[in-house]
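Colleague: Structure in C-alpha cells, see below.
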Amino acid sequence: SFNVGSSGIGGIRLNSGSTFTMTDSILYNNLGAFAGGLYVEDNLSALLQRVEISRNTTTNGGGITVVNNGVIDLENVTISGNTASMYGGGVYLQGNLAADLNHVTIADNTGTSNGDAIYIGSNGRWSSKNSIIAYLADGDV
C-alpha cells in the first residue's frame, strides 16, 4: 500500500517555524506532487536519526525536499530507491537552506532531469561527513 498526498505531499509536510525530530522510523512508498517522503520549509528545523526514506515518488525531491529557509540534519539515514520526474531523486534543496549529512547513504535514486542523488539550487548550503552517494542512474549528483 502507499500514501497519495492530496495537498501535494505524499509523506510528511513540515512548515512555519517549528522543530521536528524523527528517530528509528521509515518513510516508505509515498506519492506527492511536490514531495514524496518529507517536505521541510519556512524556517523549520528537522533532525532525522536512524531513518530510512525509500520508494517515494514526486516531481522534485523524491525522498526529501527542503526549501525556503528550511534546516535539516540527517544522522545515520538511508535515502534509496526514490524517484523525481524532474530534479533530485533522493534530495532536493532550494532557497536559503542548510542541510548537514552525517553517516548518510544516498543510493539508487532517480532524478529524470538533474540530480539523481541530490539537486542543490540557489542559496543552498550542505555539508557531508562519512557519507556515501552511489548508484547514479545517469551519473549526475
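The values are calculated or read from the model by the stated rules, or taken from the named source; none is laboratory data. Just so we're clear, the structure is a prediction, and the values are computed from it rather than from any experiment. Positions of Cβ are generated from backbone atoms using ideal geometry, with glycine treated the same way; all protein chains shown enter the neighbour counts. These area figures cover heavy atoms from the full protein model, side chains too; ligands, DNA and RNA do not enter into them. Shrake-Rupley method; radii C 1.70, N 1.55, O 1.52, S 1.80 Å.
Colleague: Just to check your reading of the model, which residue among 87, 92 is within 10 Å of the chain's Cα centre (by Cα), within 13 Å of residue 121 (Cα to Cα) and not small (Gly, Ala, Ser)?
Modeller: 92
Colleague: Can you confirm whether segment 123-132 contains a residue that is in contact with a Gly (Cβ under 6 Å, 6 or more places away or on another chain) and surrounded by fewer than 16 Cβ atoms within 10 Å (Cβ to Cβ)?
Modeller: yes
Colleague: Report, ordered by the first and then the second residue, all pairs with beta carbons closer than 7 Å, sequence separation of six or more or different chains, a first member in segment 19-42 that is within 18 Å of residue 67 (Cα to Cα) and aliphatic (A, V, I, L, M), and a second member that is open to solvent by 20 Å² or more (accessible area, probe 1.4 Å) and part of a loop (DSSP other than H, G, I, E, B).
Modeller: Filtered contacts from segment 19-42: 33/59; 38/11.
Colleague: Continuing with the same structure: Yes or no: segment 35-58 includes at least one residue that is surrounded by fewer than 22 Cβ atoms within 10 Å (Cβ to Cβ), within 20 Å of residue 113 (Cβ to Cβ) and either touching a helix residue (DSSP H, G or I) at 6+ places or on another chain (Cβ under 9 Å) or at pLDDT below 90 (or both).
Modeller: Looking for residues that are surrounded by fewer than 22 Cβ atoms within 10 Å (Cβ to Cβ), within 20 Å of residue 113 (Cβ to Cβ) and either touching a helix residue (DSSP H, G or I) at 6+ places or on another chain (Cβ under 9 Å) or at pLDDT below 90 (or both), one finds none in segment 35-58, hence no.
Colleague: Identify, please: which residue in segment 62-96 is open to solvent by 10 Å² or more (accessible area, probe 1.4 Å), part of a loop (DSSP other than H, G, I, E, B) and at pLDDT 90 or above and is, among those, nearest to residue 119 (Cα to Cα)?
Modeller: 86
Colleague: Quick check: is even one residue across segment 21-29 open to solvent by 50 Å² or more (accessible area, probe 1.4 Å) and part of a loop (DSSP other than H, G, I, E, B)?
Modeller: No: segment 21-29 contains no residue that is open to solvent by 50 Å² or more (accessible area, probe 1.4 Å) and part of a loop (DSSP other than H, G, I, E, B).
Colleague: For segment 49-62, state whether one or more residues are in contact (Cβ under 8 Å) with a residue 24 or more places away in the chain, closer than 19 Å to residue 10 by Cα and acidic (Asp, Glu).
Modeller: Yes, segment 49-62 contains a residue that is in contact (Cβ under 8 Å) with a residue 24 or more places away in the chain, closer than 19 Å to residue 10 by Cα and acidic (Asp, Glu).
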